[in-house]
Amino acid sequence: MLEKLVAIKNRWKDIENKMNQPEVMGDMKKFIKLNKDYKDLEPIVEGYEQLKKIASDIESAKDVLKNEKDEEFRSMAKEELFDLNERREVLEEKIRLMLIPADPEDAKNAIVEIRAGTGGDEASIFAGDLYRMYTKYFESKGWKIEGVDVTEGTVGGFKEIIFNVSGNNVYGQMKYESGVHRVQRVPKTETQGRVHTSAASVVVLPEAGEFDIELKLADIRKDLYCSSGPGGQSVNTTYSAVRLTHVPTGIVATCQDQKSQIKNYQKAMAVLRTRIYEIEYQKYLDDIGSKRKTMVSTGDRSAKIRTYNYPQGRVTDHRINLTMYNLQPIMDGDIQEIIDKLQLAENAERLKAEIEV
């Protein structure tokens, strides 16, 4: 591991030198990539420096035990040596996890799509409940949410809702939410008190930047239409809603969230760019999935990942066989513990895969 850390530090210093070169500073795309690589390696370099300091202190403590005759000094050195060895073990484990290649998309913002599945009106209501759960979670993280497109359910909730989430490491946290979410409860429309099962699908995509994919405007067809749903008098009278179609792939993105046609166009373009980028990203997910026995952050949108059982107050995540009996706090946005456990399971799996290689 030490050889790997030395190589990483050399690479980090090399990047630092390159970033100060005029030709690199003049190439924004290259500079942004190098800057990202530099920041990604920095925590590992800092960990390596700490590890070297601890190793030096361990040698000093051993030297005291070897040469010192005073029992009080020897006793202090023994305590320090015990503490230093414990700190080294913890730090080495932390560095091992950092050495596992991270998903390059983790630091990105995300585009989240929630759609009602099987269950009719109850599925739309549940999609609305999931949206509320996520917005509460985003508030606790200090993340910003912006609507893109929405189709409301006939009795509440949403048939479909798409929104952007921006903040620190959004995709790295939210990617675990992709898949089918299932709810078991008595619907408001049920007169005989029977428990029904409904579902909603959640898709979380890393937001593609301008440098991730280049779109030719000649390949995009732009259609304007009147918005539908809430928004005041201008909704049905102004052609502010935007539909963009990428002709070569047939991929469509719409936005009617803003009264401004320009803002809707910009948001629709971001979604279109992300959906086209997703084609390549899916190949990356499939490649990882083929190398692992289980895939915590699955790219399979049809996979049933979680069940919310209201009669029992239970939430079960099927990927890691996690069951929690605190459904209401979870529906109020307290999902960090679930995400942490999923992240821990994935890290353990990745670490095992690295060791086997």
Hits in the stretch 146-164 (condition: over 17 Å from PRO187 (Cβ atoms) and either among the polar types (S, T, N, Q) or touching a Ser or Thr at 6+ places or on another chain (Cβ under 6 Å) (or both)): ASP149, THR151, GLU160, ASN164
Looking at the stretch 78-98, is at least one residue part of a loop (DSSP other than H, G, I, E, B) and either surrounded by 19 or more Cβ atoms within 10 Å (Cβ to Cβ) or in the same structural domain as PRO206 (by TED's automatic domain parsing) (or both)? no
Restricting to the stretch 172-188, what's the tally of residues that are out of contact with any strand residue (DSSP E or B) (no Cβ under 7 Å at 6 or more places or on another chain) and either in the same structural domain as ASN35 (by TED's automatic domain parsing) or part of a helix (DSSP H, G or I) (or both)? 3
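Each row is one residue, and each column tells you yes or no for (1) within 19 Å of GLY333 (Cβ to Cβ); (2) small (Gly, Ala, Ser); (3) touching an Asp or Glu at 6+ places or on another chain (Cβ under 9 Å); (4) in contact (Cβ under 8 Å) with a residue 12 or more places away in the chain.
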site: ILE111; (1), (2), (3), (4): no, no, yes, yes
site: ASP121; (1), (2), (3), (4): no, no, no, yes
site: PHE126; (1), (2), (3), (4): yes, no, no, yes
site: GLY142; (1), (2), (3), (4): yes, yes, no, yes
Are there any pairs with C-beta distances below 6 angstrom linking a residue in the stretch 318-341 that is in contact (Cβ under 8 Å) with a residue 60 or more places away in the chain to a residue that is in a helix (DSSP H, G or I) and among the basic types (Lys, Arg), with the two at least 6 apart or on different chains, and if so which? ASP332/LYS136; GLY333/LYS136
Exactly one of SER260, SER166 is within 23 Å of the chain's Cα centre (by Cα) and either farther than 19 Å from THR135 by Cα or modelled with pLDDT of 90 or more (or both), and that residue is SER166
Any residue that is buried (at least 21 other Cβ atoms within 10 Å of the Cβ), acidic (Asp, Glu) and not assigned by TED's automatic domain parsing to the domain that holds ILE276 - is there at least one of those in the stretch 189-206? no
Need pairs with beta-carbon distance below 8 Å; first residue more than 14 Å from ILE8 (Cβ to Cβ) and in the same structural domain as LEU91 (by TED's automatic domain parsing) and within the stretch 45-74, second β-branched (Val, Ile, Thr) and surrounded by 13 or more Cβ atoms within 10 Å (Cβ to Cβ); sequence gap 6+ or separate chains. PHE73/VAL64; ARG74/VAL64
For the stretch 113-139, how many residues meet the condition of being of a type outside the set (A, V, I, L, M, F, W, C), in contact with a Gly (Cβ under 6 Å, 6 or more places away or on another chain) and under 22 Å from GLY167 (Cα atoms)? 2
Could you tell me which residue of the stretch 1-58 is modelled with the highest pLDDT, considering only residues that are small (Gly, Ala, Ser) and under 30 Å from the mean Cα position of the chain (by Cα)? GLY47
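The values are calculated or read from the model by the stated rules, or taken from the named source; none is laboratory data. Bear in mind the structure is a predicted one, so any value in this text is a computation, not a measurement. Every residue, glycine among them, receives a Cβ derived from its backbone with ideal geometry; neighbour counts consider all protein chains shown.
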